[in-house]
Each structure stands twice: as C-alpha cells, then as structure tokens.
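The values are calculated or read from the model by the stated rules, or taken from the named source; none is laboratory data. All figures in this text were calculated on a predicted structure; none of them were measured in a lab. Every residue, glycine among them, receives a Cβ derived from its backbone with ideal geometry; neighbour counts consider all protein chains shown.
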Ligand code: PBG
C-alpha cells in the first residue's frame, strides 16, 4: 500500500495539524432571554441551562460571557401578555423592555455586540411574525414592513449593533436598510435570517417567549423544508437588498443549505443552532444516552465544516467554558 489515510490519524498532534475546521469563541453568539422584574432568573423547562433573566441578572450573565471571551449576544424579550396587541405597537415602544435592555447592556458593555430581533411575534396577539388581516387571516406583507421599520429605528436608537430580521416578509432587508440609511444609522448591521424554514425545531423557543401562533402556522412566510435552491434565491435577494451577513436557520438539518449559501455569496454566513436542537441534546444527555459535551463539539464543528462563519447557539457559554478548559 502506498496510501494509508490512517497515518495522519495516528496521534492527537498530527490530528490537530491536519484538522480542517475548528470552533473558536470568536465564532459564537449567545442568544439570551430578558424579562421584566428584579433579581429573577426563571429556568426554561425545555431548554435545561437556559433562563429568562431580569435585566440586573442579564447584565451579570453578560459579564460572565464577556469573561469567557464571548463578544456577541442576541437578545429576545419576554413580552407581558398585556402588551400584546393585534397591531404589535409595543414592538416600537422606545421604552419597551427590549430597548431598555439594549441601552443598559451597551452602557455597561460598550464593546459587546448586541443583536436584536426584528419580527412581530413577541408583540403580536396572534403570535405571528407579521400583521394578520382580521377578516381573511392573511399575513400582510407590506403593512408589516412599516412596523418593522419603526422597530428598527427604536432598536438602532437604543444602540443595537446588529438587526436580525427573522420575519421572512418579502422586501424587508431593503426596507430596513433604507430606513437606517435615511436616519443616520448607516453603521447598523443587518444579519438577515435569509433562509428561515417553517420548522418544528422552534418549539422550546416559543415556550420560552410564550409566542406560539394562536392560529395556523408560519408556512406562508417561513420556507418549506423541502427546498434548498429557494434558500439560495432568498440569500442572494437579501445580499442585493443590503444585508451584511446571511443566516440559515435551523442548523443541523440544513447543513446542505449552509454549504450552498456559502458557495453562492461572498457575505459572511451565519447559522442558528435553534432551541429544539439544543433541547434534544440536553434531554438525551439527562437520560444518560449521549454525552452533551461531545455532541456540542461535534455539532458546532459540523457547522464550521459546512461553511458557517458565525454560529448562534445556546451552547455558546458551555462551548466557551470548554475551550477555556482545554
Ligand atoms: C421569531 C424567532 C423565532 C426564533 C428566533 N426568532 C421563532 C419563530 O420563528 O417561531 C427561533 C429560535 C429558536 O428556536 O431557537 N421570529
């Protein structure tokens, strides 16, 4: 035999030398849930190790993340039922929970990158990402864009570094980019949830925010999981409309989509390792059926191998801790 691929697997030193993909703390964004109140931290049942934090505890958590070398967080507000309306007006309240949290985080940690979500679901009584027509039940695309623009403005004013439109309305990236440009927020980035699939993997997240749609599903705006070429089309559209970073979501079942988007665009590609993916690993680990730490490393490395530059993951903190231990 001339060729023995096992030679470069002989020991850890040579394996490290030939290793093609590696996850570093620089690649990670930690999603965090913020709620009203003082000194409260309520566990999210379906996401062991994840919490809804009141703002004071959230700041403590961010200090811990910062000490671990994490440089970016993505914020999701738990909105009180009494603020949920059919016009989702709380979404653009300059003093709303999300905006107060962003201000507080940026005041205390100016160098921490804060990403905020652009979609109506936490604020919409119907639980949908867009406005719902009362008569037909249809999700109204262009009317929703107006609300998203307002949302973008209050978030940018609060100090958000990256807007994450996760609503999948047509034309939203252009609409947001124009709004930012014409209001002197030209430096605010847009990480577009370009290829966001209608997925059962968001279940635990909707529990965390109590944001599940009250009727119907999200299939008229989120993508059909059968499609990959359509994802590339969405990604290229967002690129043309002025997105800075393109995202694929969920992650593990969509590595082919990550790969294809990476080939199709020169923009950085992000992937969202979503709540259901996290929940499955943690549930199996609690039963003693898998090793959560090893699965985390294998999963996150797979995202890098597929071409992701950035990973949004509930494992960010645990992964950073692991990297420190090594
Ligand atoms: C809201 C939003 C969702 C997630 C991120 N932003 C849920 C949804 O679209 O229903 C899911 C994140 C996760 O499951 O971890 N537009």
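Restricting to region 62-78, name every residue that is over 15 Å from residue 102 (Cβ atoms) and in a helix (DSSP H, G or I).
Within region 62-78, 63, 64, 65, 66, 67 meet the criteria.
Which residues, taken from region 185-198, are more than 8 Å from the ligand (Cβ to nearest atom) and in contact with a helix residue (DSSP H, G or I) (Cβ under 9 Å, 6 or more places away or on another chain)?
Filtering region 185-198 down to residues more than 8 Å from the ligand (Cβ to nearest atom) leaves 185-192, 194-195, 197-198.
Selection gives 185, 186, 187, 188, 190, 192, 194, 195, 197.
Can you tell me which condition residue 207 does not meet? The list is (1) modelled with pLDDT of 95 or more; (2) outside any strand (DSSP E or B), and all the others hold.
Here residue 207 clears every test but (1).
What is the residue count in region 126-150 for residues that are in contact with a strand residue (DSSP E or B) (Cβ under 7 Å, 6 or more places away or on another chain), away from the ligand (no atom under 15 Å from the Cβ) and over 15 Å from residue 220 (Cα atoms)?
1
Matching residues to (1) in contact with a helix residue (DSSP H, G or I) (Cβ under 8 Å, 6 or more places away or on another chain); (2) loosely packed, with under 14 Cβ neighbours inside 10 Å:
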| residue | (1), (2) |
| --- | --- |
| 36 | yes, no |
| 39 | yes, yes |
| 42 | no, no |
| 48 | yes, no |
| 57 | no, no |
| 65 | yes, no |
| 79 | yes, no |
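Can you tell me how many residues in region 34-49 are in a loop (DSSP other than H, G, I, E, B) and more than 12 Å from residue 78 (Cβ to Cβ)?
Total satisfying the criteria: 7.
So which residues in region 151-184 are more than 26 Å from residue 232 (Cβ to Cβ) and either within 13 Å of the ligand (Cβ to nearest atom) or assigned to a loop (DSSP other than H, G, I, E, B) (or both), if there are any at all?
Across region 151-184, the qualifying residues are 151, 159, 160, 161, 182, 183, 184.
Just to be sure before I move on: is residue 56 touching a strand residue (DSSP E or B) at 6+ places or on another chain (Cβ under 7 Å), away from the ligand (no atom under 16 Å from the Cβ) and modelled with pLDDT of 95 or more in the structure I sent?
No, not satisfied.
Can you find a residue that is within 22 Å of the chain's Cα centre (by Cα) and either free of Cβ contacts under 8 Å to residues at least 12 places away in the same chain or closer than 27 Å to residue 143 by Cα (or both) anywhere in region 11-31?
no
Cβ-Cβ under 6 Å, sequence separation 6+ or interchain: first residue in region 157-170 and over 13 Å from residue 74 (Cβ atoms), partner part of a strand (DSSP E or B) and within 15 Å of the ligand (Cβ to nearest atom). Which pairs?
168/196
Could you please let me know if residue 114 is part of a helix (DSSP H, G or I) and either within 30 Å of residue 280 (Cα to Cα) or within 16 Å of the ligand (Cβ to nearest atom) (or both)?
It is false that residue 114 is part of a helix (DSSP H, G or I) and either within 30 Å of residue 280 (Cα to Cα) or within 16 Å of the ligand (Cβ to nearest atom) (or both).
Condition first: closer than 21 Å to residue 145 by Cβ and more than 18 Å from the chain's Cα centre (by Cα). Now tell me which residues in region 56-110 satisfy that.
The answer is 84, 85, 86, 87, 88, 89, 90, 92, 93, 94, 96.
Restricting to region 268-282, name every residue that is in contact (Cβ under 8 Å) with a residue 40 or more places away in the chain and within 15 Å of the ligand (Cβ to nearest atom).
Answer for region 268-282, where residues must be in contact (Cβ under 8 Å) with a residue 40 or more places away in the chain and within 15 Å of the ligand (Cβ to nearest atom): 270, 271, 272, 273, 274, 275, 276, 277, 278, 279, 282.
Do any residues in region 287-300 that are closer than 17 Å to residue 325 by Cβ have Cβ atoms under 9 Å from those of residues that are surrounded by fewer than 16 Cβ atoms within 10 Å (Cβ to Cβ), where the two are at least six apart or on different chains, and which pairs are they?
Filtered contacts from region 287-300: 292/284; 292/286; 295/284.
Given the criteria farther than 26 Å from residue 262 by Cα, free of Cβ contacts under 8 Å to residues at least 60 places away in the same chain and either under 17 Å from the mean Cα position of the chain (by Cα) or crowded, with 17+ Cβ neighbours inside 10 Å (or both), does residue 179 qualify?
The answer is yes for residue 179.
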